[in-house]
Amino acid sequence: MMRFLTPSRPSAKHGFAYNLGWWIGRLIVWFLVLSLGITVLYKFVPVPITITMIADLHGFEKDWTPLSRIDRNMVAAVIAGEDAKFCSHQGFDQEAIEQAIERNAQGKKLRGGSTISQQTAKNVFLWQGWGWDRYARKGLEVWFTFLIEHIWGKRRIMEVYLNVAETGIGTYGVEAGAQRYYKKSAARLTRVEAARIAAALPSPKKRAVTGAKGFTRRHGNAIAARSGVVRNEALDACVYR
């Protein structure tokens, strides 16, 4: 295996196409090995920093917190607000993706169909943005989503998501968000407080958590109501089994 990863360079007698293919092949192998390695590592250790945090012009504040110290209301809220099928899909919600494609094809406001697993993969391993590089990122997102679904499992995916998701300007993770907005630990969030944080997740730099009005307030109230359904119908069971 190691000999394959570090073979001698191709001979100069080979043509350009051969040499190019040789280098591309080695880059692909190294990418697969490194991506697999870091995914396995993050199954056991906290994610120290992400590209999004580094690129944040406001700086970043975070406080890694084990899932056991995050109130179940917060888990229910993000499932209710972001991904109701979190426990039943394998990383991708085909129905949501098809609806997003149809909506975008009609020229309506761009809207994704990303699951919590996809968002976690993007937040941990990749970058944000909606430019031309979005398509390259989406391809990588599929690969990393596949990896974390099969290596981490649902509980770890949820734990990482709740620690790296942006919850406000320069604020990452629900513990930092809870301290910023409610001056208390994420272990003590009420259903309404958790729902308000979840309502801001799609646009954390624009949506207010405290003192929210209009759509954000209505959306937060709706999430709080649906959180009860998540608990009653055990839609969060995969996180707590």
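Values computed for the structure shown
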read-out: The chain - accessible surface per residue (Å², probe 1.4 Å); value: 55
read-out: Whole-Å semi-axes of the chain's equivalent ellipsoid (Cα gyration tensor); value: 36, 20, 18
read-out: All-pairs Cα distance distribution in region 175-241, expressed in whole percent, bin size 5 Å; value: 3, 18, 24, 23, 20, 9, 2, 0
read-out: HN-Hα J in Hz across region 224-241 - Karplus 6.51, -1.76, 1.60, θ = phi - 60°, x for Gly and Pro; value: 4, 5, 6, 4, x, 5, 4, 5, 5, 9, 6, 6, 10, 4, 5, 7, 10, 6
read-out: Most to least accessible of 166, 141 (protein chains only, probe 1.4 Å); value: 166, 141
read-out: Volume of the Cα convex hull of region 13-82, divided per residue and given in Å³; value: 179
read-out: Paired Rg and Dmax values of region 76-218, which use every Cα atom, in angstrom; value: 15.3, 44
read-out: Rounded, prolate or oblate (a/c below 1.5 giving rounded, otherwise prolate when a/b exceeds b/c) for region 28-124 by Cα gyration tensor; value: prolate
read-out: In nm, spacing of pseudo-spin labels at residue 97 and residue 31 (7 Å Cα→C-beta vector); value: 1.8
read-out: Proximal aspartates and glutamates to residue 85, defined as alpha-carbon separation beneath 19 angstrom and excluding residues fewer than eight positions away on the same chain; value: 93, 95, 98, 141, 149, 159, 233, 236
read-out: Protection proxy ranking of 198-211, 114-127, 55-68 - average other beta-carbon atoms within 10 Å, highest first; value: 114-127, 198-211, 55-68
read-out: Amide H within-cut-off set for residue 167, under 5 Å, with H built and near neighbours excluded; value: 172, 173
read-out: Relative contact order of the chain, defined on C-alpha pairs under 8 angstrom at six or more residues apart (%); value: 26
read-out: Added length on full extension, which subtracts the Cα-Cα distance from 0.36 nm per residue, residue 134 to residue 55; value: 26.8 nm
read-out: In Hz, Karplus ³J(HN,Hα) per residue of region 15-26 (6.51, -1.76, 1.60; θ = phi - 60°; x = Gly, Pro); value: x, 4, 4, 5, 4, 4, x, 4, 5, 4, x, 5
read-out: Accessible-area composition of the chain, carbon plus sulfur, in percent [1.4 Å probe]; value: 58
read-out: Karplus 3J(HN,Hα) series, Hz, for region 34-43 with 6.51 cos²θ - 1.76 cosθ + 1.60 (x for Gly, Pro); value: 5, 5, 5, x, 6, 5, 5, 4, 6, 5
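The values are calculated or read from the model by the stated rules, or taken from the named source; none is laboratory data. Small disclaimer: the values here were computed from a predicted structure and weren't measured. Counting neighbours? That spans all protein chains shown, and the Cβs are built from the backbone with ideal geometry, glycine included. When the accessible area is computed, the model is the full protein with side chains, heavy atoms only, and any ligands, DNA or RNA have been set aside. Shrake-Rupley method; radii C 1.70, N 1.55, O 1.52, S 1.80 Å.
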